[in-house]
Protein chains: 2
Amino acid sequence: MSNDQAILMIANSETDSNLYYATKFLAPDPFIFIQTHGHKTIVMSDLELDRAKAQARVNEVLSYSKIEQPLKEKGLADPKTIDVVDACLKERGVKRLLVPGEFGFRHAEALRAKGYFLTTKPDPFFEERVLKSSEEIEAITETQRATEAATEAAIEVIRESKIKKDELHWSGGVLTAEAIKKIINVKLMEMDCIAQHTIVACGIQGCDPHDEGSGPLRPNQSIVMDVFPRSGRTRYYADMTRTVVKGRASDALRKLYDTVRRAQEEGIERVRDGVEGQTIHQKIMTTFEQSGYETGPKNGRMQGFFHGTGHGVGLDIHEPPRISKAKWTLKAGEVVTVEPGLYYPEIGAVRIEDLVVVTKTGCTNLTRSPKVLEL
Amino acid sequence: MSNDQAILMIANSETDSNLYYATKFLAPDPFIFIQTHGHKTIVMSDLELDRAKAQARVNEVLSYSKIEQPLKEKGLADPKTIDVVDACLKERGVKRLLVPGEFGFRHAEALRAKGYFLTTKPDPFFEERVLKSSEEIEAITETQRATEAATEAAIEVIRESKIKKDELHWSGGVLTAEAIKKIINVKLMEMDCIAQHTIVACGIQGCDPHDEGSGPLRPNQSIVMDVFPRSGRTRYYADMTRTVVKGRASDALRKLYDTVRRAQEEGIERVRDGVEGQTIHQKIMTTFEQSGYETGPKNGRMQGFFHGTGHGVGLDIHEPPRISKAKWTLKAGEVVTVEPGLYYPEIGAVRIEDLVVVTKTGCTNLTRSPKVLEL
């Protein structure tokens, strides 16, 4: 960074993980972050001032109203956020700003009108965020253990359920996707983990990889369970998918499962510092094709393997790196999912997902849950 | 909108409520939204295509990869999001774009480089979003009922707890803020509501209005409980705060409580279509001052009433309108909190919050929970 340049963010750290990463301070309303030569300043409302002083990992916490006051005295009746930013930047002699790609258009326009020169850079905005510290890996692992415990509790209920005609029954009634999701989500909340959009998708529902699933669970059909909570304490996510069948899988479903499982394991074996994500993804595509599983639209819907093999997990559930069609060279310290899937409405849906840490020689699998098809 | 203008959003609807509002489609990764003359188009990845076709309330769902393919054939090796946007807009003959204030800087720059002219407008971006339909009020009310049930379960535990020296005891151990938060959050999850940052703040902790609280709960001290979950089903939030004391409140704390309670009730009485939010907020400030409760920094921290009186609640937990120093004329159909508070480390913290719908003649209070100080 040149002498007169600063990093500027204006966001709420509840939804903007870069801002939380930079400050370790969670606030539901937007605040100002300025970084010059590693010196971090945040500007907080009266409401957040004292909490920010106690909690934020920054060099300086300024009061928004104290900066606003002299602007009013100078005759500015209703100072805007950018007037306050301007006052801070003037004091620092800064005219050039480095902002995230997601920096808001309105603020960018207002800054330009005041003569600031804004640039951005390719993601990730904080390159070091992709490489997880041991503290971060510990946090992710803790969320992963909670994910496994909740998923296993759900699997146990499916295992104990009884088959009555074409429905599963449990605890005196029909066992539904909603009931299993509630078991998972409540168990996670008991462990201080917040789950949203948990997927429990049976049969054809699972063939749409983001269908959350609903209604009665059926015997002898694939049930895809994808669980990806965030820790309420550390804010780090985890992510795991298991596919099960209560009863017997058809030969075709069994073959589908074995193919995905083998591809997933081979994918994990290929993860290593320096390997291209594209290469791993392409190998899995090829394995599927060679096994006779084609990908593309058929009968008016996508079939086969039509999502990426993996994504980074950290303060966001989807973050760099990617193991997909996109270019990305894996680096030691990255945390990434490996989750190939195959989806054919006439057979069923299978996705198997583990979470791994890239190392110099391969990867460390953070996932402990067994992979069992038939319950 | 002129003939060649379109609304453009590129965001994920999980965090961008305007995009969810416009499409009623939830997706964790960014997608493209284009609206021309009320005709809504979204452009989806292969992964989301079928689910979007089934769920999104839009006129047209396009395939990202189908738009990307001809660009590749024309020699663009790696088309970016904006190349795909450009292809869509060219087909529609659009050169002028209306974008939200939060529209990303990087995309804005890329569009400008292609000759597009971008403008924004003051918030709220969709003005009609502020005025809640009966369906939306029903959804908010449902979340409010869950909030009340969870808060009342927590209050019941505090009521049943025993005072042992300077701690509350329950179920064989010390009763902590964390335990009460878990009771609230788990109960909410059982009702399909997702709670984050629930506040259970005892004594001096409550004097920082966003301190979430931790450690043992104490007798004869204020306990502020602020609960604001989102429905996992409808996505609408609710918000409620109650302040209680297990044991006896000091005379000073009782007077603080009565003053806040009276101010809150008077605030609610003033809410009506056409009334200025500023006026209501200022009246409460004046009432507090006249009762001898000053606001400002004292002994190195903010004391008194140093937050707004109320904020809108809907698909975001903080959205327009505001009842605060900011200018806002209340309109029938708005849903807003009324939540004055007073915070003095030497006395305690009191905040009381209800959620109301503005009407032509006053407001309808959506909140049913009683207001009781001593348990």
Could you count how many residues in segment A:168-195 are part of a loop (DSSP other than H, G, I, E, B) and either without any contact (Cβ under 8 Å) to a residue 24 or more places away in the chain or open to solvent by 70 Å² or more (accessible area, probe 1.4 Å) (or both)? 4
Please verify whether B:ALA22 is away from every other protein chain (no Cβ under 11 Å), closer than 15 Å to B:VAL99 by Cβ, part of a strand (DSSP E or B) and at pLDDT 95 or above, treating the condition exactly as stated. no
Given the structure, is B:VAL94 among the β-branched types (Val, Ile, Thr) and more than 34 Å from the chain's Cα centre (by Cα)? yes
Which residue out of B:ARG230, B:ARG218, B:ARG262, B:ARG242 is in the same structural domain as B:VAL186 (by TED's automatic domain parsing), over 25 Å from A:ARG51 (Cα atoms) and not acidic (Asp, Glu)? B:ARG262
First in segment A:333-344 and at positive phi, second anywhere and open to solvent by 10 Å² or more (accessible area, probe 1.4 Å) and not in a strand (DSSP E or B), Cβ under 6 Å, 6 or more apart: A:GLY333/A:LEU131; A:GLY333/A:LYS132
Conditions (1) more than 14 Å from chain A (Cβ to nearest Cβ); (2) closer than 22 Å to B:ASN12 by Cα; (3) among the aliphatic types (A, V, I, L, M); (4) in contact with a helix residue (DSSP H, G or I) (Cβ under 9 Å, 6 or more places away or on another chain) -> B:ILE158 fails only (2)
Unique residue being away from chain A (no Cβ under 13 Å), farther than 30 Å from B:ARG92 by Cα and under 27 Å from the mean Cα position of the chain (by Cα) when the list is B:ALA150, B:ALA139: B:ALA139
Looking only at segment B:1-15, filter to residues that are open to solvent by less than 40 Å² (accessible area, probe 1.4 Å) and in a loop (DSSP other than H, G, I, E, B); which one of those is farthest from the other protein chains (Cβ to nearest Cβ)? B:SER13
Residues (part of a helix (DSSP H, G or I), away from chain A (no Cβ under 11 Å) and of a type in the set (D, E, K, R)) located in segment B:67-111: B:LYS72, B:GLU73, B:ASP83, B:ASP86, B:LYS90, B:GLU91, B:ARG92
Looking at (1) away from chain A (no Cβ under 14 Å); (2) modelled with pLDDT of 95 or more; (3) more than 30 Å from A:ARG351 (Cα to Cα); (4) open to solvent by 60 Å² or more (accessible area, probe 1.4 Å), find the lone condition where B:ARG57 falls short. (3)
Within segment A:318-352, restricting attention to residues that are of a type in the set (Ser, Thr, Tyr) and within 21 Å of A:PHE228 (Cβ to Cβ), which residue is most open to solvent (accessible area, probe 1.4 Å)? A:SER324
In segment B:300-317, anything in a strand (DSSP E or B) and open to solvent by less than 50 Å² (accessible area, probe 1.4 Å) is listed as B:MET302, B:GLN303, B:GLY304, B:GLY310, B:HIS311, B:GLY312
Could you tell me which residue of segment B:117-126 is nearest to the other protein chains (Cβ to nearest Cβ), considering only residues that are modelled with pLDDT of 95 or more and open to solvent by less than 30 Å² (accessible area, probe 1.4 Å)? B:LEU118
Suppose the filter is at pLDDT 95 or above, surrounded by 22 or more Cβ atoms within 10 Å (Cβ to Cβ) and facing chain B (nearest Cβ under 10 Å); does A:ALA52 pass it? yes
Looking only at segment A:201-208, decide whether some residue is within 24 Å of B:THR234 (Cα to Cα), within 14 Å of chain B (Cβ to nearest Cβ), crowded, with 19+ Cβ neighbours inside 10 Å and small (Gly, Ala, Ser). yes
Look through B:ARG248, B:ARG272, B:ARG261, B:ARG230 and report the one residue that is touching a residue at least 60 places away in the same chain (Cβ under 8 Å), within 14 Å of chain A (Cβ to nearest Cβ) and open to solvent by 10 Å² or more (accessible area, probe 1.4 Å). B:ARG230
Any chance B:LYS114 is among the basic types (Lys, Arg) and either more than 11 Å from every other protein chain (Cβ to nearest Cβ) or at positive phi (or both): yes
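The values are calculated or read from the model by the stated rules, or taken from the named source; none is laboratory data. Please read these numbers as outputs of a predicted model, since none were measured by experiment. In this analysis, Cβ positions are derived from the backbone assuming ideal geometry, glycine residues included, and neighbour counts consider all displayed protein chains. Remember, those area values only see protein heavy atoms, side chains included, never the ligands or the DNA or RNA. Shrake-Rupley method; radii C 1.70, N 1.55, O 1.52, S 1.80 Å.
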